[in-house]
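Student: Below is a structure I'd like to ask you about.
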Amino acid sequence: MKSRLARAMRRYLIAGLLIWLPLGVTYLAFRFLLDAVDRLLVLLPLRYQPDTLLGFHVPGFGAVLAVVLLLVTGLLVANFVGRELIGWWEDLLNRIPGVRTIYSGVKGLTETLVSGSGASFRKVALIEYPRKGLWSVGFVTASGIAEIDARTGRRQVCVFIPTTPNPTSGFIVMVPEEELVELDMGTDQAMKMIVTLGVVAPAPATISRADV
């Protein structure tokens, strides 16, 4: 009787945990992001800040300010005068050692991810790393880098290997194209698997029969 009760309690506790833990983590993540974005409110004069006008704090006003700021910035740079000003500003930044490297790198990455013009992060692949027989999941970021292909004598593909459970860090490796194993899973599915330490894997239905 006691063992049956213990098993039932354990089952109910696990069922409750599966409901509340994802909700709690999601809430904390969004709360962190909102608090971070709300720091933009310091750009407003104190008397015009929502906390001053309302007399209490309402989370999310910073996100509204960020959207308005992005829209205004986009409106300004979409015309000739704005493009000239941005060109002058970027030329100034590109003349500063250190700043030039960081700014140009981040700008290039942002343009690739936001515009969707390139193939970066659109392909998920397996590579044998850190040694033969062990496989790592990565994202194809670039290919056809002339100097690297010429130096190695083989066409190389640049693959980003994210760390887990924090995929914002990682490292890149150059892999011969013929040794790359492309996967059918989407980038969002691969990212879920990486963040959850492999616990949340793509469903079997998403795997092509031809690859089995």
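Student: Filter the range 137-163 for residues that are crowded, with 16+ Cβ neighbours inside 10 Å and either hydroxyl-bearing (Ser, Thr, Tyr) or closer than 19 Å to residue 191 by Cα (or both) and give the result.
Tutor: 137, 138, 139, 140, 141, 142, 143, 158, 159, 160, 161, 162
Student: Then there's this: In the range 12-24, what count of residues is obtained for those that are at pLDDT 80 or above and closer than 19 Å to residue 196 by Cβ? Working first, answer last.
Tutor: Initially, the range 12-24 is screened for residues at pLDDT 80 or above, giving 12-21, 23-24.
From what is left, the residues that are closer than 19 Å to residue 196 by Cβ are 14-15, 17-21, 23-24.
Counting residues in the range 12-24 that are at pLDDT 80 or above and closer than 19 Å to residue 196 by Cβ gives 9.
Student: Please verify whether the range 21-36 includes one or more residues that are over 26 Å from the mean Cα position of the chain (by Cα) and among the charged types (D, E, K, R).
Tutor: In the first step, residues of the range 21-36 are kept if they are over 26 Å from the mean Cα position of the chain (by Cα); the result is none.
Among the residues of the range 21-36, not one is over 26 Å from the mean Cα position of the chain (by Cα) and among the charged types (D, E, K, R), which makes the answer no.
Student: Right, here's the next one. Show me the helices (runs of 4 or more DSSP H) entirely contained within the range 25-128 in which 3 or more residues are small (Gly, Ala, Ser), at pLDDT 75 or above and surrounded by 12 or more Cβ atoms within 10 Å (Cβ to Cβ).
Tutor: Output list reads 61-77.
Student: Related question: Farther than 23 Å from residue 68 by Cα and out of contact with any strand residue (DSSP E or B) (no Cβ under 6 Å at 6 or more places or on another chain), is that true of residue 48? I'd like the intermediate steps shown before the answer.
Tutor: Working: farther than 23 Å from residue 68 by Cα: no; out of contact with any strand residue (DSSP E or B) (no Cβ under 6 Å at 6 or more places or on another chain): yes.
It is false that residue 48 is farther than 23 Å from residue 68 by Cα and out of contact with any strand residue (DSSP E or B) (no Cβ under 6 Å at 6 or more places or on another chain).
Student: Something else now. Quick one: which of 140, 195, 175 is of a type in the set (A, V, I, L, M), outside the structural domain of residue 29 (by TED's automatic domain parsing) and in contact with a Gly (Cβ under 9 Å, 6 or more places away or on another chain)? Outline the logic, then answer.
Tutor: Numbers: 140 fails: in contact with a Gly (Cβ under 9 Å, 6 or more places away or on another chain); 195 fails: in contact with a Gly (Cβ under 9 Å, 6 or more places away or on another chain).
Checking each option against the conditions leaves just 175.
The values are calculated or read from the model by the stated rules, or taken from the named source; none is laboratory data. The structure presented is a predicted model; accordingly, all values stated were derived computationally and were not measured. Positions of Cβ are generated from backbone atoms using ideal geometry, with glycine treated the same way; all protein chains shown enter the neighbour counts.
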